[in-house]
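Written below as structure tokens is the structure these notes are about.
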Amino acid sequence: MNYFKISIILGVLLSVYYYLDTYVLPTLYIFDPEVLHGIVKDSIAIAPPGNTTALFYEINGRLRDVYGDNIIPYNTDDWMFNNHGNAMGSMFIQHASISEYLIFFGTAIGTEGHTGVHAANDYFFILKGEQWVHDLGDPDPIIYKPGDLHVLERGSVQQYSMPTTCFALELAQGWIPAMLPFGFADTMFSTLDLGTFGRTVYFTAKSMIESALRGKF
């Protein structure tokens, strides 16, 4: 195969990707960050102070009122640990599809790490505690508190920290399968926690398949 043919194939592939990324992918989104932000702020305002579990139930119930069966009912037994970018926390998957995921993520004792570089926009709604963010070249941290929204735009990179207990509602919109290697790499090459790996694959695949069967990609 000569270089001319290779360049033609690459040109076609890039054109297809551009079309899908620009005109198809955005039509698959169902979650509105502004709606989620309103749900988060309203839920924080009425949840019993200090009762994070009650806050999870409140947010999940409101999400199901708006998005129906696209949201998995909250269940304390379905949390799983997650290692990524040298950070460790736990998560509960509320929705996963090809174009979006929506999870509770956080830690009871603090963590810090690399955000990763993703082909998706990430919306991090703080529920409890604080998230500290380091932008390259800025000597001072950006601090997000309960009710705040931290947006990490696709292709961007930051260092982040949850100095102590911190939990958030996290929405990612973009090419979600492309994010999975980042989410699995620490487990496969460092922690070797195959039990957590199996739970993560199971719950992620289950949600993606159920979403696809509902026509949500």
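The values are calculated or read from the model by the stated rules, or taken from the named source; none is laboratory data. Only a predicted model underlies this, so the values are computations on that prediction, with no experimental measurement involved. Quick reminder, even Gly has a Cβ in these numbers, built from the backbone with ideal geometry, and neighbours come from all protein chains shown. Each accessible area value is taken on the protein alone, full model and side chains, heavy atoms only, with ligands, DNA and RNA left out. Shrake-Rupley method; radii C 1.70, N 1.55, O 1.52, S 1.80 Å.
Each peptide among 92-104, 169-181 gets the average number of other Cβ atoms lying within 10 Å of its residues, and from highest to lowest they stand as 92-104, 169-181. Shown here: Cα Rg over 2.2 N^0.38 Å, derived from the displayed model; of the candidates (1) 1.01; (2) 1.38; (3) 1.08, it corresponds to (3). In this calculation the C-beta distance from V35 to L192 is compared with R0 = 35 Å, giving a FRET efficiency of 0.35. Karplus-based coupling profile of segment 201-210, in residue order and whole Hz: 4, 4, 5, 5, 5, 4, 5, 5, 5, 4, with θ = phi - 60° in 6.51 cos²θ - 1.76 cosθ + 1.60 and x standing for Gly or Pro. What FRET efficiency comes out for the pair T53/V24, r = Cβ-Cβ distance, R0 = 30 Å, nearest 0.05? Given R0 = 30 Å and the Cβ-Cβ separation, E is 0.20.
With contributions of -39500 (n - 2.57) from each DSSP H run of at least four residues, the per-residue ellipticity at 222 nm computed over the chain stands at -11000 deg cm²/dmol.
Output the peptides 44-54, 3-13 sorted from most to least packed, where packing is the average of other Cβ atoms within 10 Å over each peptide's residues.
Numbers: 44-54: 12.0, 3-13: 9.6.
Those peptides, ordered most packed to least, come out 44-54, 3-13.
With the simple spin-label model, which puts each label point 7 Å out from Cα in the Cβ direction, the A119 to D42 separation comes to 3.6 nm. Computed from phi, the 3J(HN,Hα) profile of segment 35-44 under the Karplus parametrisation 6.51, -1.76, 1.60 (θ = phi - 60°) reads 5, 4, 4, x, 4, 4, 5, 5, 5, 4 Hz, with x in place of Gly and Pro.
Sorting S90, S211 by solvent-accessible area of protein heavy atoms yields S90, S211, largest first, with a 1.4 Å probe. Here is the size of segment 1-55 from its Cα atoms: Rg then Dmax, 22.7, 67 Å.
Mind ranking S43, S190 by accessible surface for me, highest first, 1.4 Å probe? Please report the intermediate quantities before stating the final value.
Values: S43 0, S190 80 Å².
Solvent-accessible surface, decreasing: S190, S43.
Computing the accessible area with a 1.4 Å probe over protein heavy atoms, can you report the carbon and sulfur percentage for the chain? Here carbon and sulfur together make up 63 percent of the probe-accessible area.
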